[in-house]
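Notes to accompany the following structure.
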Amino acid sequence: MAEGGCQCGAVRLRAAGRPSTVVYCYCVDCRRATGAPVSLFAGYRTGQVEVEREKLKAYASSPEVVRSFCAECGTPVSYEDERLQGEIYVHVGVFEDLKPFEPEAHNWFSQKPGWLAVQDDLPRFEESSVPR
């Protein structure tokens, strides 16, 4: 069981079992949503993740995508895509223990900033590694 939450503690979450995938994302939408040049997500089946949603706010960042964040402190929490029914992608940084979340791939590598050096041998996908 992985546990975590937002910076202020208003949103808590638990994820049961292993994630289906752990991927870096360099897309423009993720950069804007986080303010960082790259995001790291753990993908789960929706039923594996329990979120105390009272302080969770959702934003439709595109017609298919809803991003959730803490309404109090703004910490990005998750990403859901209607084309990926039954899946939720949680920002790895919200978890207390990061050891279980070893990255497996780089998504949207075509949008990576040129000045950001990547020095691993993980697969690089020009777009998403997850079919939509």
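The values are calculated or read from the model by the stated rules, or taken from the named source; none is laboratory data. Fair warning: this is a prediction, and the values are worked out from it, not measured in the lab. As a convention, Cβ positions derive from the backbone with ideal geometry for all residues, glycine included, and neighbour counts pool all protein chains shown. Quick note on the areas: whole protein, heavy atoms, side chains included, nothing else; ligands and nucleic acids left out. Shrake-Rupley method; radii C 1.70, N 1.55, O 1.52, S 1.80 Å.
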Can you tell me which residue within segment 1-37, out of those that are assigned to a loop (DSSP other than H, G, I, E, B) and touching a Leu at 6+ places or on another chain (Cβ under 7 Å), is surrounded by the most Cβ atoms within 10 Å (Cβ to Cβ)?
Val11
Which residues, taken from segment 95-132, are at pLDDT 95 or above, small (Gly, Ala, Ser) and within 18 Å of the chain's Cα centre (by Cα)?
Ala105
Under the condition of being out of contact with any helix residue (DSSP H, G or I) (no Cβ under 9 Å at 6 or more places or on another chain) and farther than 14 Å from Cys25 by Cα, which residue from segment 86-101 is most open to solvent (accessible area, probe 1.4 Å)?
Lys99
Is it the case, given these coordinates, that Tyr44 is more than 22 Å from Gly9 (Cβ to Cβ) and either touching a residue at least 24 places away in the same chain (Cβ under 8 Å) or in a helix (DSSP H, G or I) (or both)?
no
